[in-house]
Every structure is written in structure tokens, then in C-alpha cells.
Amino acid sequence: MSYHVNEKGYYGQFGGAFIPEMLYPNIEELRQNYLKVMAEPDFKKEFGQLLKNYVGRPTPLYFAKRLSEKYNTKIYLKREDLCHTGAHKINNTIGQILMAKRLKKTRVIAETGAGQHGVATATVCALVGMECVVYMGEVDISRQAPNVARMKMLGAEVRPALSGSRTLKDATNEAIRDWINNPVNTHYIIGSAVGPHPYPDMVTRFQSVVSKEIRLQLKEVEGKENPDYVVACVGGGSNAAGAYYYYLNEPDVKLIAVEAAGKGIYTGESAATSVLGKEGVIHGSKTLLMQTTDGQITEPYSISAGLDYPGVGPMHAHLYKTKRAEFISVTDDEAMKAGLELSQLEGIIPAIETSHALAIFKDKKFKPEDVVIISLSGRGDKDLNTYIDYFKL
Ligand SMILES: *Cc1c(COP(=O)(O)O)cnc(C)c1O
């Protein structure tokens, strides 16, 4: 069984590139070049140096002593929250901006929902001095004012998507339209392990630095590269893909993917894609997605904007179908409690996305000798108002 993409761009039955004819040249250029470019010594060197000196890698693998005592197992936190801009997303945008430069692009576009990927994209465009246009639904623009301000401060243009529900899906449509109209000079930076092939594989490879580091760091502290569990929250699936990457073919390492159950899986207000999803096509790839019986995409809900996505990347759909990863759904309430708990036990305020991964300890039991790695995907600064409202702090 392979858990990596095949040469046709599929993970088992999922993946591929379901794109409008007009987009074919753009995707084909990327497909033919991405592995070649990533293998160039110059590219590797520049990527490695920026990850080190700009992003701040390697990020620590921190033994969470008090959390471990509470749940009677050995918990390590992979501190992606300490990356520049506060989450793992920058690993991918750094990789893609260097890819854009190698492909001689002079302009970058992106779409964003909550604004986190927009900020990570605007950041790397400022870093290399590239023109940056971020599409964002008009509704999201008014809900996410601080991130809109960040993008503008970084020199990006934020263009409102005015059609449909004026949220992420509409911003994605606008970005695709832009790319069709600007195929030669523009690179489209997708922010998670989603989209048409080769995006899911390219994003996963850029994020794989996370598990590469975990192996070395764990060897130092535990004398072995393999933990018993790797746990990550899943929106589109990029932080999970990066944390799993070097463990995919290590059957003794159990993988746990945590999805947002919102107000409860069956309440109609959730983003538990694996449980509720059916096979379909979203953002150019065949995967599991939440849809009505006649194939309309269902609006997802989660208290966490980063997990509020109706699909999941094709690699994760495959990991679910093959049972390589165990999928667990966590509600808003459970996540918020876990976020408060980590803050008070370890002095680390996590992003609400990440709090979902931390909530598994309440129900799932681990052995005292188990080594459990949690991908601490981001920090909670952006979520303070949500925490304040929820806990009446
Ligand atoms: C965006 C985001 C996620 C969800 O995205 P993935 O691609 O599934 O990783 C998770 N955690 C944080 C902190 C995020 O910003």
C-alpha cells in the first residue's frame, strides 16, 4: 500500500486534477517542474536557509511534563506555533514563493478564508518583493479585520469576492479566474494540502520538514525516531501531512487526524468531513466532501476558522479509507476546554485549530510508556477574542 501520490496524481482513488480546460497550461507547467525544481541544490539551499533564519526552524520538540502527568502518558509538542507569523503555514508559502521565482513568475495570487493563509502569502511576497493579490470573500473581510490590515501592511492588495455566499469558496473561484487570465506571469499559492495535482503533493513536501525534524529530535530525547502516535488537527490537511510524512510507511507509528465536529457531528453545524463526507470533486481534486444528496457542497461550521472547510485533502481521504489514520471528531466545547487546559498546564496558548488536537486525551486512553507527538500547529493570539467571549474572561 502506498500513501504517497502516484505519477497520475492520485492517492488510491482520490486526487487527480479536475480543472477547467483553460487552466491546463498553468497546472501542467507546475506539474512538469515542481519535483525538478525542489531537487535543485540551489533551491534546497535557499529553502533551508530561509526556514532556519527567517521562519526560525527547527522548531522545538517540547516534552509537556504537566500535561503528560495529567494524562499519564508521554506527550511531546512540536512547536509550529513558534514559526514566524505563528503557524506552520509559512513553511509552505516560503517553498511556493521560491518555486514561483524559479518558474520566472512576477506576480502571486492566493485565496484566503480566515486570513491566515493570506497573511502567510503576503509575508513571503514582501520577503522577495513580489506583487501579491489576495482574494477574500466580502463577508470574511469584515469578520477578519486584523488579518486584512496585516496583509495591507505587508503590501498586498486584498480583493473582495462579491459573488455567492461571499466567503472562501467564492474567493477561490475569483482566484482561479484571475489565474486563467494571467497564466504566464502569475503563480497561485494554495495554502493547504488540497487542490489539483500537484498541489497536495507539493504542499505536503514543503511541510514534511516537520516530521523530518521530529525524527531527529525524538532520537535525541527518546533514543528512537518513531513515536507511538502522531496527532494533528485537519482542515485541508497540511500540518497533519507534514507531521505524518516520514511516518507514513512506518506501521508501528499510529496516525491520528482530528476534525472539527462543531456543535456536534449530526447537528448540521460541523466540519467532520471524514464521517459526513462523500466522494466528490472540490477545488480540482476528487476527495471526501460534505454535500447534499444532489451534490451541492454543504456549508461547514466550526468555531475555528482554519478547520471550517467542507472537504479534506486527497491524501487524508486515502488515509481514512485505508484506515492508515484514525479520524476523531472534536466539538467546539471540547476544543475550547483543551485550549484553556494547555494554557494553564504549560503556559502555551494554542490556536483553536490546534486545541482540537489537544482535546483527544479526554476520551482516548494511552499507555504510560506511549510517546505521543502533537502537532502544535499554531498560536492562539489570533483567537484571543474568541477565547475571551467563550470563557467570559
Ligand atoms: C490553517 C490552520 C490549520 C488548518 O490547516 P491544515 O492545512 O489542515 O493544517 C490548523 N492549524 C492552524 C494553526 C492553522 O492556522
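Computed from the coordinates by the stated procedures, all read-outs in this text should not be read as laboratory data. Computed from a prediction, not measured in an experiment: that's the story for all the values here. Here the Cβ positions follow ideal geometry from the backbone for every residue, glycine too, while neighbour counts run over all protein chains shown.
Taking the chain as a Gaussian network of alpha-carbon nodes connected by springs under 10 Å, the highest mean-square fluctuation of the residues A87, A64, A351 belongs to A64. DSSP beta bridges fully contained in the chain are about 30 percent antiparallel. For the residue pairs K74/K278; K224/K321; K278/K362; K8/K169, the C-alpha atoms sit more than 31 angstrom apart in K74/K278.
Rounded, prolate or oblate: pick one for region 189-292, where a ≥ b ≥ c are the square roots of the eigenvalues of its C-alpha gyration tensor, a/c under 1.5 means rounded, and failing that, prolate if a/b is larger than b/c, else oblate.
oblate
With the simple spin-label model, which puts each label point 7 Å out from Cα in the Cβ direction, the F391 to M1 separation comes to 3.9 nm.
Absence of a disulfide-compatible partner, taken as no other cysteine beta carbon within less than 4.7 angstrom, is noted in the chain for C83, C233.
For region 127-240, the orientation-averaged shadow of the C-alpha convex hull comes to 9.7 nm² (one quarter of the hull surface). Each semi-axis of the equivalent ellipsoid for region 311-387 is √(5λ) with λ an eigenvalue of the Cα gyration tensor; in descending order they amount to 23, 17, 11 Å.
Where a ≥ b ≥ c are the square roots of the eigenvalues of the C-alpha gyration tensor, would you call region 255-321 rounded, which needs a/c under 1.5, or, failing that, prolate if a/b is larger than b/c, or oblate? Note, shape of region 255-321 comes out oblate.
Pairs K78/K392; K78/K382; K78/K337; K45/K152: which are spaced more than 23 Å apart, C-alpha to C-alpha?
K78/K392; K45/K152
Which distance in Å, rounded to a whole number, links the C-alpha centroids of region 33-71 and region 125-167? Between the Cα centre of region 33-71 and that of region 125-167, the gap is 27 Å. Here the label points at T267 and S343, each 7 Å from Cα along the C-beta direction, are separated by 2.0 nm in the simple model. Remark on the chain: Rg and Dmax equal 19.4, 57 Å (Cα only). Using only the Cα atoms of region 64-157, build the gyration tensor, take square roots of its eigenvalues as a ≥ b ≥ c, and label the shape rounded, prolate or oblate: rounded if a/c is under 1.5, else prolate if a/b is larger than b/c, else oblate. It comes out oblate by the Cα gyration axes.
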